[in-house]
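Quick notes on the structure that follows.
Read-outs throughout are calculated quantities, based only on the coordinates presented, and are distinct from any laboratory measurement. From a predicted model like this one, the values you see are computed outputs, not experimental measurements. Neighbour counts run over all protein chains shown; Cβ positions are idealised from the backbone, glycine included.
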Amino acid sequence: MQTTFTSSTLGVIIGNRDFFPDKLVAAARTEILDLFKKLNITPVLLSDADSKLGGVETFAEAQKCAALFKQHADKIDGILVVLPNFGDEKGVAETIKWSGLNVPVLIQAYPDDLGKMDVVNRRDAWCGKISVCNNLYQFGIKYSLTSKHVAIPSDESFINDLKDFIECYNPTNRYKRKETFDASTNPDGRFRKFTYDEIIARDKTSLDVTWLKDQSLAELDNLPDPDELALEIVENLEAGLESFRAVIASLNGKEN
C-alpha cells in the first residue's frame, strides 16, 4: 500500500547526459510526476520548455534549476535527484550549490535492462550515481542513498525509501525528527543519529556506516560460482563494445 504525505514539497533534479537517448529522460519525468501525484508530494522542477526534456545537463540548465529552487526556497523541504542515465554530475552538484538550499537530498538511479544494452536503451545510471555522489561530496553537500543502489520509481523499496526520507526530515515539524535505526527492533534503519561522544570515542573519530547495506547486492556466501560471474562480466563487456561499435558506425555514416 502506498502512503501519501501531507504538505510535502520536493525539488527535483533530473540528471541528463547528451550521449544517452532522450526517451529515458522524458519517461523518467513522467514516472516521477505520476508517483508524486499518487503520494501527494508537490514537485518543483524544470518544465520541458525550460530545458531539454526538463532535465539538467548544461551550465545554463543548472542555473535555471537553481533559480527555480531559489524562488520556492520557502516551500522546498528536500531535493530528489533522479538519474535515468549517467547524468551530468557537475550539473546536479552545481544546481544544489547555486540554489543555496540547505535541505536533505536523496539520490535515485534507474537500473539497466541487461537485455537492452544498446545505444538506444543503455542507461549506465549505476555508475552515474557513484559519480554524482562523488561530486556532491567534493562540494560538501550531504545526501542520502536508497536501500537499493538502483531502482525504478515504482519499486516498493524506493517508495519506502522516499517515505522514510520525508518522515525523517519531518516537513511539518523539523524539531521532532526521529531516527529509524534501532539496534534491537530495526537494525537496517538507514537514518541514524550519533552523539559527539560516540564519534570521538571511535578510532580516528570515523563515522562508521558499515551497518548500512545495499539490499540489491548479494551476500558473499550466496554469490554464483566464479565461472558464472566471469561469463556475466564478459557478456556485459561485449554488449558495451557492441554499443560503441554502433556509435562509431553511426558517426562514420554521418561523415560520409
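Among the chymotrypsin sites (Phe, Trp or Tyr not before Pro) in segment 1-86, those placed in a DSSP loop whose Cβ has at most 14 other Cβ atoms within 10 Å are Phe19. Near Val44, the amide H atoms lying under 5 Å from its own belong to Leu10, Gly11, Val12; only residues 5 or more places off or on other chains count, and H is placed 1.01 Å from N. Fewest neighbouring Cβ atoms within 10 Å first, the residues His149, His72 line up as His72, His149.
What is segment 1-88 by shape, rounded, prolate or oblate, if you read a ≥ b ≥ c off the alpha carbon gyration tensor as root eigenvalues and call it rounded for a/c under 1.5, prolate for a/b larger than b/c, and oblate otherwise? In terms of gyration-tensor shape, oblate.
Computing FRET efficiency as 1/(1 + (r/R0)^6) for Ser250 and Asp48, where r is the C-beta to C-beta distance and R0 is 30 Å, gives about 0.75.
The residues neighbouring Glu94, those whose beta-carbon lies less than 15 Å from its own, together hold a net charge of +1 under the Lys/Arg +1, Asp/Glu -1 convention. For Lys52, neighbours were defined as the other residues whose beta-carbon sits under 13 Å from its Cβ, and their charges (Lys and Arg +1, Asp and Glu -1) total -3. Just report the Cα centroid separation between segment 224-246 and segment 23-40, whole Å. Measuring centre to centre over Cα atoms gives 31 Å.
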